[in-house]
Amino acid sequence: MQHGGHAGAERARPLAGGAGSLVYRLHRWYIDYADGLAPAAHDEEVDFLFVDGGKGRMRRGDMLLHIVNHKNYHRGFVADMLYQVPATPPVTDLPVYLRDAHREPENAR
């Protein structure tokens, strides 16, 4: 399975213009894929190549977990950079997000 990634030392160029739309479509694809994945498929092993060309094998469910965890790594890294500026980074704790994500603003009641 080719994932199109680059070596860790390479830096992706930022997307211009319709980047938000592209990110939304990518998020939607992952959500639809995960929602449509049969329970037995989570344990199916998939061969792939690491970005350095090494061979790897993971279960589909573990691949999805890796994607979620990898995103969190980057969020934490950005939050750390904001602390160094100094600036107040957004809250990144999952329990706080789950509590606040769908809360109605006080003035909307």
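Read the figures in this text as sums done on the coordinates, not as results from a lab. Computed from a prediction, not measured in an experiment: that's the story for all the values here. Cβ: placed from backbone, ideal geometry, glycine included. Neighbour counts: every protein chain shown.
Write down the radius of gyration of segment 41-97 and its Dmax, each obtained from C-alpha positions, in Å.
Considering segment 41-97 through its Cα atoms, Rg and Dmax are 15.9, 45 Å.
In nm, what is the difference between 0.36 nm times the number of residues separating Tyr97 and Asp62 and their Cα-Cα distance? Kindly include the intermediate steps, with their values, before the conclusion.
Values: separation 35, 0.36 × 35 = 12.60 nm, distance 2.31 nm.
Between Tyr97 and Asp62, full extension yields an extra 10.3 nm.
State the answer as a single residue: which of Leu65, Phe48, Ala87 lies farthest towards the positive end of the charge dipole of segment 41-97, with beta carbon charges of +1 for Lys and Arg and -1 for Asp and Glu, about the Cα centre.
The residue sitting farthest along the positive end of the dipole is Ala87.
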